[in-house]
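Working notes, beginning with the structure itself.
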Amino acid sequence: MAAPEQAIEALLLEHRVFPPTEEFRARAHVTDTGVYERARRDPEAYWAEWARELEWFEPWSQVLEWRPPHAKWFVGGKLNAAYNCLDRHLKGPRRNKAALIWEGEPGDERVYTYWDLHREVSRFANVLKSLGVRRGDRVAIYLPMIPEAAIAMLACARIGAVHSVVFGGFSAESLRDRILDAEARVLVTADGGFRRGRPVALKEAADVALRETPTIRHVVVVKRGGGLDVPVRMMEGRDHWYHDLMAEASAQCPAEAMDAEDLLYILYTSGTTGRPKGIVHTTGGYMTQVHATTKWVFDLHEEDLYWCTADVGWVTGHSYIVYGPLSCGASVLMYEGAPDWPDRGRFWRLIEKYGVTIFYTAPTAIRAFMRWGTDWPARFDLSTLRLLGSVGEPINPEAWVWYHEHIGHGRCPIVDTWWQTETGAIMITPLPGVVPTKPGSATIPFPGIQAEVLNNEGQKVRSGFLAIPAPWPSMLRTIWGDDERYRQTYWSKWPDIYFPGDGAKIDDDGDFWLLGRVDDVLNVAGHRIGTMEVESALVDHPAVAEAAVVGRADELKGQAIAAFVTVKEGVEPTDTLRKELRQHVAEKIGAIARPDDILFAADLPKTRSGKIMRRLLRDIAEGRALGDTTTLADPAVVARLKSEYEEKEG
């Protein structure tokens, strides 16, 4: 990736610090900063200690074999991910503990104890075997947020099959491409699901994809229930109802002994070329790091009820709904639907109803909550919450403070976590019992993880490119079917150092501040400015709920700053406010960052996972034809914005 030589300028200043409360520290797993030094002195011994918290069928002979850019962790060891998530908890009091507590968008509910989940997973593992699935075969999973998604993942892991979960909001074309690339033999889907009160016909979309997927031999279809009424066409011989197959299946299925480096899953993530990358994760190292980070980052205790609001179609769902929490024996809340259905109090109602203690969500959601106002969370009893988390992108300082005050009521630590599909597990994060937090900073690397900020020449700098100079257990092993792309994408910027593609800065205390994707860095009159800082300055204004900033070509400055701003409810978007916002940014971080254009928008274009599609905003700002909009939650938003922007420019 070509990039100008100068570093990304770090402009935004944030001085607020929130140390752990004495009450939280008193019960925290980690209260001694010495763990960081112990991990630094001997990282292999440190990670081996974590690995021993899992159950292994055969011990490893070597902790790490590092031949850049390829790592093997726990060489020769044998284990099974599903066994570690289920079987080992059946020997004690967790046997009858709730593993999954699920609520569907219409309000239907299911609870699975660890014993229940073990039986369901074993049955579906036998179903897959009856359909010819063998160790190493790929199984595509295209489901809504229902328990069967986790059951299908764990069933694959149990028999050594490799799952490829495709987010249920993706189009038929996206599903087809991922099935073809992985050469999946079986597809697990559903008749449909619910989204904001509307039925979503998944099987119908899957049928379109299946016209061009010759490797698929069998399709298993879950009947969603809950009053769902969508058309379902079943092809004789190929398509099977999940409930029919499960009724015939035995609940006895021994777990396969998998090598630590055997594939656990492939998960596709977007590539800059538009062709998705199949990120490969293996078993031993991945399970070790998701187990460790779940236990320590979320300070997980036996009585906690943990809720991560992600979808299992994303890596956050893999690592922090399924594999990490279940390996720790947690009780996990799983919710199917939208945060604003049937009203904007749904998340808070769920927290009150079930007594959620740990809540892990995305900055996009937090900014939406801000926009809806404080009245909604104030209606509900959120007193059971004791820890909050943030994931998916850098969180704006003002969103962090709002989250702290109105959801955590000033008493809950916030763990702002940085990691990626490629890293597999959390990499940079505070440990809530020992690390003082700062609004907008992910603070420091998890013990045993190394991170640096480098310039193009690989020299350490205060503001530049995030770099991971040493291997870590849950790291991706390659890109499925394209090892050369793996080398070029992640390892070609500096010798033997992983490049995540993010800008970052380090402050005087050694804390990391993520500045967003390097692709999103603006070059304004020779100054390289991260979009995240300008967006944070805008969100800092009391009238603003959310902002997205992109660059557009400018003859004089190279790039001009175009800002798309959503105001809070009850605020009137006026020319006066526009001028006020431009001045506010200039005062907050400097005149060089003053936006040239500000467009007020009722909403911003987001993927169904909640990420803002800045690529489409750049298309709008530069007057180009719009790119692919199939993954958007609401494609009409883009057309509306384009029309408004052209009208303003005209």
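Quick look at the numbers
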{"read-out": "Complete set of residues in segment 56-72 that are charged (D, E, K, R), touching a strand residue (DSSP E or B) at 6+ places or on another chain (Cβ under 7 Å) and without any contact (Cβ under 8 Å) to a residue 60 or more places away in the chain", "value": "Glu65"}
{"read-out": "All strands (runs of 3 or more DSSP E) inside segment 52-105 with 3 or more residues being touching a Phe, Trp or Tyr at 6+ places or on another chain (Cβ under 7 Å)", "value": "98-103"}
{"read-out": "Residue check for Thr384: surrounded by fewer than 21 Cβ atoms within 10 Å (Cβ to Cβ) and in contact with a Ser or Thr (Cβ under 6 Å, 6 or more places away or on another chain)", "value": "yes"}
{"read-out": "All positions within segment 351-399 that are in a helix (DSSP H, G or I), of a type in the set (Val, Ile, Thr) and touching a His at 6+ places or on another chain (Cβ under 7 Å)", "value": "none"}
{"read-out": "Filtered residues of segment 210-262 (kept if farther than 18 Å from Ser130 by Cβ and part of a helix (DSSP H, G or I))", "value": "Leu210"}
{"read-out": "Test set (1) buried (at least 24 other Cβ atoms within 10 Å of the Cβ); (2) at pLDDT 95 or above - Lys277 fails condition number", "value": "(2)"}
{"read-out": "Out of Gly448, Gly458, sole residue that is in a loop (DSSP other than H, G, I, E, B), surrounded by fewer than 21 Cβ atoms within 10 Å (Cβ to Cβ) and in contact with a Phe, Trp or Tyr (Cβ under 7 Å, 6 or more places away or on another chain)", "value": "Gly458"}
{"read-out": "Elements of type strands (runs of 3 or more DSSP E) in segment 475-579, at least 2 residues being closer than 25 Å to Asp603 by Cβ", "value": "512-517, 544-554, 558-567"}
{"read-out": "Check on Ala442, surrounded by 24 or more Cβ atoms within 10 Å (Cβ to Cβ), farther than 30 Å from Asp375 by Cβ, touching a Pro at 6+ places or on another chain (Cβ under 8 Å) and hydrophobic (A, V, I, L, M, F, W, C)", "value": "yes"}
{"read-out": "Residue within segment 268-280 that is assigned by TED's automatic domain parsing to the domain that holds Arg386, under 23 Å from the mean Cα position of the chain (by Cα) and either within 30 Å of Thr357 (Cα to Cα) or aliphatic (A, V, I, L, M) (or both) present", "value": "yes"}
{"read-out": "Selection status of Met334, under 22 Å from Gly104 (Cβ atoms) and either in a strand (DSSP E or B) or of a type outside the set (Ser, Thr, Tyr) (or both)", "value": "yes"}
{"read-out": "Residue match in segment 430-443 (condition: under 22 Å from Pro68 (Cα atoms), part of a strand (DSSP E or B) and assigned by TED's automatic domain parsing to the domain that holds Val290)", "value": "no"}
{"read-out": "Residue tally, condition buried (at least 17 other Cβ atoms within 10 Å of the Cβ) and in contact with a helix residue (DSSP H, G or I) (Cβ under 7 Å, 6 or more places away or on another chain), over segment 82-116", "value": "15"}
{"read-out": "Yes/no for Gly77 being surrounded by 13 or more Cβ atoms within 10 Å (Cβ to Cβ) and either under 28 Å from the mean Cα position of the chain (by Cα) or not acidic (Asp, Glu) (or both)", "value": "yes"}
{"read-out": "Count of segment 522-538 residues which are in contact (Cβ under 8 Å) with a residue 40 or more places away in the chain and crowded, with 23+ Cβ neighbours inside 10 Å", "value": "10"}
{"read-out": "Any hit, segment 267-274, residues being touching a residue at least 40 places away in the same chain (Cβ under 8 Å), touching a strand residue (DSSP E or B) at 6+ places or on another chain (Cβ under 9 Å), surrounded by fewer than 19 Cβ atoms within 10 Å (Cβ to Cβ) and among the hydroxyl-bearing types (Ser, Thr, Tyr)", "value": "yes"}
{"read-out": "Qualifying positions in segment 292-301 - assigned to a loop (DSSP other than H, G, I, E, B) and touching a Ser or Thr at 6+ places or on another chain (Cβ under 9 Å)", "value": "Leu300, His301"}
{"read-out": "Breaking point among (1) surrounded by fewer than 24 Cβ atoms within 10 Å (Cβ to Cβ); (2) in contact with a Gly (Cβ under 6 Å, 6 or more places away or on another chain), for Arg233", "value": "(2)"}
{"read-out": "Residue match in segment 458-479 (condition: without any contact (Cβ under 8 Å) to a residue 12 or more places away in the chain and over 24 Å from Glu44 (Cα atoms))", "value": "yes"}
{"read-out": "Phe170 being buried (at least 19 other Cβ atoms within 10 Å of the Cβ), of a type in the set (A, V, I, L, M, F, W, C) and assigned to a strand (DSSP E or B)", "value": "no"}
{"read-out": "Qualifying positions in segment 99-135 - of a type in the set (D, E, K, R) and either outside the structural domain of Tyr320 (by TED's automatic domain parsing) or touching a residue at least 24 places away in the same chain (Cβ under 8 Å) (or both)", "value": "Glu103, Glu105, Asp108, Arg110, Arg119, Glu120, Arg123, Lys129, Arg134, Arg135"}
{"read-out": "Scan of segment 128-154 for residues that are under 22 Å from the mean Cα position of the chain (by Cα) and part of a helix (DSSP H, G or I), ordered by number", "value": "Pro147, Glu148, Ala149, Ala150, Ile151, Ala152, Met153, Leu154"}
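Listed here are the residues, each with its yes/no results for (1) in a loop (DSSP other than H, G, I, E, B); (2) at pLDDT 95 or above.
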| position | (1), (2) |
| --- | --- |
| Gln6 | yes, no |
| Leu12 | yes, no |
| His15 | yes, no |
| Val30 | yes, yes |
| Val35 | no, yes |
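The values are calculated or read from the model by the stated rules, or taken from the named source; none is laboratory data. Owing to the predicted nature of the structure, the values given are computational and were not obtained by experimental measurement. Here the Cβ is made from the backbone with ideal geometry for all residues, glycine too, and neighbour counts use every protein chain on show.
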